[in-house]
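First the structure, in the form of structure tokens, and then the observations on it.
Taken together, the values in this text are just the output of simple stated rules run on the coordinates, not laboratory data. Note that this is a predicted model, so its numbers are computed, not measured. Using ideal geometry, Cβ is built from the backbone for each residue, glycine included, and neighbour counts are taken over all protein chains shown.
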Amino acid sequence: MNTIATPLAQRRTNAPAWRAALAALPLVLASAGASAQSAAGDVTASATLVRSLQILSTTGLSFGTMSPGATQGTVVMNPSGARTASGGVTLVSANTGSASTVSLQGTPAMTYTVALPQSVTLTSSGGATMTLDSLTTNLASNAGAIGSNGSGTFGIGGTLTVAGAQAVAEYSGVFQVTLGWN
């Protein structure tokens with residue numbers, strides 16, 4: 001059986017050549033990367049700060065004075081302040097009520113949105129309740145723009161449901177108006 005064996009002395013003499021080749025490998029790889037093209041450019045970063053939206057004042061939404069009938073009815077106060085009734089409710093002219101008015105400030109010409117709750121419960125001191133819903137503003141799609149002087153206003157209205165034979169009392173409730181930048 002023939003075996004090819006490399007004498008130990010011959011392997012030792014070839015070792016420096018392999019070591020040199022392995023040592024040169026990083027230089028070959030580095031020079032290959034150095035020949036690749038590269039490019040650099042500047043990027044500008046910027047930011048604009050605007051005045052935050054603030055509600056300066058509000059007036060309450062009042063449905064005025066009414067008389068409940070034997071059947072359910074509704075009273076609508078539109079955001080411009082016009083009041084109407086339907087069903088078993090009679091409006092009393094002594095107090096015609098008013099739409100809510102919200103005054104705000106922010107950065108001129110910036111647009112904002114208004115978010116209102118879906119419904120609000122009005123409660124009497126005796127615990128009787130009525131529901132206020134369909135809250136809306138006099139802004140198209142509940143969105144507006146801050147005026148050139150940095151201020152704005154909008155109205156809020158809604159629909160009050162009065163049950164048949166609703167308990168005679170004063171009712172009140174609170175709801176939140178949320179503003180956001182467009």
| Based on Cα positions only, what radius of gyration and what Dmax would you give for the stretch 55-181, in angstroms? | 15.9, 51
| field | Karplus-derived 3J(HN,Hα), 6.51/-1.76/1.60, for each residue of the stretch 59-65, Hz, glycine and proline x | value | 10, x, 8, 10, 8, x, 9
| said: Can you work out the Karplus-derived ³J(HN,Hα) for every residue in the stretch 74-79? Use 6.51 cos²θ - 1.76 cosθ + 1.60 with θ = phi - 60°, whole Hz, and x for glycine or proline. | reply: 9, 10, 10, 10, 7, x
| task | Output the relative contact order of the stretch 55-181, whole-number percent, from Cα pairs under 8 angstrom with separation of 6+ residues. | result | 33 percent
| said: Which residues among the stretch 130-155 fall inside the zone where the amide N is under 18 Å from a point 7 Å beyond the Cα of GLN54, along Cα→Cβ? | reply: 146-154
| For a paramagnetic label modelled at 7 Å from the Cα of ALA165 toward its Cβ, which residues of the stretch 58-100 fall within the zone defined by backbone nitrogen distances under 13 Å? | 69-72
| task | Given the peptides 49-59, 161-171, 86-96, arrange them by the average over their residues of other C-beta atoms within 10 Å, most packed first. | result | 161-171, 86-96, 49-59
| Taking the highest mean first, how do the peptides 144-156, 111-123 order by number of other beta carbon atoms within 10 angstrom per residue? | 144-156, 111-123
